[in-house]
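Scroll down for the structure; my scribbles are underneath it.
The values are calculated or read from the model by the stated rules, or taken from the named source; none is laboratory data. What you see is a predicted model, and the numbers here were worked out from it, not measured in a lab. Here the Cβ positions follow ideal geometry from the backbone for every residue, glycine too, while neighbour counts run over all protein chains shown.
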Amino acid sequence: MQSPETILVLEDDLLISRLITRFITPETKRVLVASNVKEGLEILRSNHVDVIFADIHLPDGNGISVIREALQIHDDLVSVVVTGDPSLESAIEAMHLGVSDYVKKPFNREKIITSLRRAISRAEVKKLMASRESDPPVKNDLFQQADSKFLAVSAAMREILSLMNKVSHLDIPFLLQGEIGVGKKALARHIHLTNATFKAPFTYINCSTQTSGRQFYDSVSQTLVQNAEQVSSGKTGKGTIFLEDVEQLSMGDQKQLLEFLGENAMGGHSCPVIYEYPFRLIAATTSHDLDAEVKKGRFHRGLFDYLSLMPIKVPPLRERREAIKPLGIHFLEQLGNVWNFKNKDSQDRINEAEWETLINYEWPGNVHELAAVIFRIILLNDCLGVTKQLKKTPQSPAVGKAETISVPITGDFKSMERHMINEVVKLCGGNKTTAAKTLRMHRRTLYRILSQGEQDQDMHQATLT
């Protein structure tokens, strides 16, 4: 890790300014000091500054506005906010400016040095990304980031990656929303690798496989305790906990998770944006409208508010068809490397007409299904046969011909919901998995709603008898 050439300390409190200067002087070649906005901007215009420590409240203005203008002067500059009056508004504004850390007063030397090193790491990532953007585009305009397994080809995915690169250095939660197989886990790993040290762990927990109660409690608590101990001992950097299918947690487990988050926050401020955790939390859901689940009482409001600070909607593959061929070629090349095929030999296994079939297919299983189909093409060496089978695959009503269902207007909302689900199951030939994909809900959610309906009917019959 290289030391920054020049650091600017923008602080109107002389004692705090001297304290920060004393802490960071051994870590850099030059420290410049300013006590107000005017002095700070003059220094920024006449010197190349690598890192700025800026107080928010200054005699003649606002430190956030100085950072905003400083980025216009030095686009590679990295900033750290220091404040004795933290707030949600200033934290969010700082986040949007790409601030690498948000330090609350009072602080100690360890905190300032940690913030400085985080800023240096952020600067290195910015330089890496800038060098990649200046490189000529590779074949198929394929955009590769820190995790070579995650590829963004379409405009929608490029936009998501751009946002990730802007805020991934911040220790804030992410909520990834999208259908099964769109690549939420790969995106979570990308977020983890973009900012984590190589020693930091990536912990995967599938909430749909957790038995409600003790199993989930043990899984999460053990992971959180281990992360906290490793970070505090200096053995590792902050890791990532990835919760897949978070909507499948019972209400009791959701409350427990919220309690864990409160217990493991380093600091007592009520604003989750400026909490410091020994881990980063990324949650994923297949529910296209988790807010609606909150309103129905199926998802905890407090947990939703915490997770939805940075919601990311990952579009299904059918909405980014321009990505199908480049992704398919990527999978062909990967398999070719494993099985010692030449890349050209692998790509020649699919002709243009067959690519057209793949592009026009609806891909209910999204990227995971595409990878499986490419695998079968290579394994069987029969692209024509595989694509013919895809043509024969019945499309769900959501993506095939239009269908209508009748909904009774009597009864409560839950009974109407169960009726609609049952009607879609009938339209899908009794296949509940296909019905779940058609309704864009997780199959476990569908089973739970239908099962609850059967239990209600049994209780009603028992009451009558």
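Scanning for something in contact with a helix residue (DSSP H, G or I) (Cβ under 9 Å, 6 or more places away or on another chain), modelled with pLDDT under 75 and β-branched (V, I, T), does segment 323-345 turn up at least one residue?
No; the residues of segment 323-345 include none that is in contact with a helix residue (DSSP H, G or I) (Cβ under 9 Å, 6 or more places away or on another chain), modelled with pLDDT under 75 and β-branched (V, I, T).
Looking at (1) closer than 25 Å to L170 by Cα; (2) part of a loop (DSSP other than H, G, I, E, B), which one does D12 not meet, given that it meets all the others?
Going through (1) closer than 25 Å to L170 by Cα; (2) part of a loop (DSSP other than H, G, I, E, B) one by one, D12 breaks only (1).
Give me a count of the residues in segment 40-74 that are over 35 Å from the mean Cα position of the chain (by Cα) and without any contact (Cβ under 8 Å) to a residue 12 or more places away in the chain.
2
In segment 187-197, is there at least one residue being of a type in the set (V, I, T), modelled with pLDDT under 65 and within 15 Å of L257 (Cβ to Cβ)?
Scanning segment 187-197, I find no residue that is of a type in the set (V, I, T), modelled with pLDDT under 65 and within 15 Å of L257 (Cβ to Cβ), so the answer is no.
Would you pick out the residues in segment 16-39 that are touching a Gly at 6+ places or on another chain (Cβ under 8 Å) and crowded, with 20+ Cβ neighbours inside 10 Å?
Of everything in segment 16-39, those that are touching a Gly at 6+ places or on another chain (Cβ under 8 Å) and crowded, with 20+ Cβ neighbours inside 10 Å turn out to be A34, V37.
Please determine, by comparing only the residues of segment 181-191 that are among the aliphatic types (A, V, I, L, M) and buried (at least 21 other Cβ atoms within 10 Å of the Cβ), which one is farthest from the chain's Cα centre (by Cα).
Looking at the filtered set, the residue picked out is V182.
Please find, within segment 58-107, the residue that is surrounded by the most Cβ atoms within 10 Å (Cβ to Cβ) out of those that are among the hydroxyl-bearing types (S, T, Y) and touching a His at 6+ places or on another chain (Cβ under 9 Å).
Checking each candidate, the answer is S100.
Restricting attention to segment 281-322, and to residues there that are among the polar types (S, T, N, Q) and at pLDDT 85 or above, which single residue is nearest to V367 (Cα to Cα)?
So, considering only residues that are among the polar types (S, T, N, Q) and at pLDDT 85 or above, the one nearest to V367 (Cα to Cα) is T286.
In this structure, is D13 without any contact (Cβ under 8 Å) to a residue 60 or more places away in the chain and surrounded by 21 or more Cβ atoms within 10 Å (Cβ to Cβ)?
No; evaluated as a whole, the condition is false for this residue.
If you go through segment 43-57 one residue at a time, how many are in a helix (DSSP H, G or I) and surrounded by 14 or more Cβ atoms within 10 Å (Cβ to Cβ)?
2
Any residue in segment 248-272 that is within 24 Å of T286 (Cα to Cα) and at pLDDT below 50 sitting within a Cβ distance under 8 Å of a residue that is surrounded by fewer than 16 Cβ atoms within 10 Å (Cβ to Cβ) and among the aromatic types (F, W, Y)? List the pairs, counting only those 6 or more apart or interchain.
As it stands, the answer is none, since no pair meets every condition given.
A quick yes/no check of all residues on (1) over 16 Å from V103 (Cα atoms); (2) charged (D, E, K, R); (3) at pLDDT below 95:
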| position | (1), (2), (3) |
| --- | --- |
| D13 | no, yes, yes |
| R22 | yes, yes, yes |
| T25 | yes, no, yes |
| K29 | yes, yes, yes |
| I67 | no, no, yes |
| H74 | yes, no, yes |
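Taking segment 58-92, which residues are outside any loop (DSSP other than H, G, I, E, B) and farther than 22 Å from K104 by Cα?
E69, L71, Q72, I73 - these are the residues of segment 58-92 that are outside any loop (DSSP other than H, G, I, E, B) and farther than 22 Å from K104 by Cα.
Would you please name the residue that is farthest from the chain's Cα centre (by Cα), looking only at residues in segment 286-297 that are surrounded by 17 or more Cβ atoms within 10 Å (Cβ to Cβ) and not in a helix (DSSP H, G or I)?
S287
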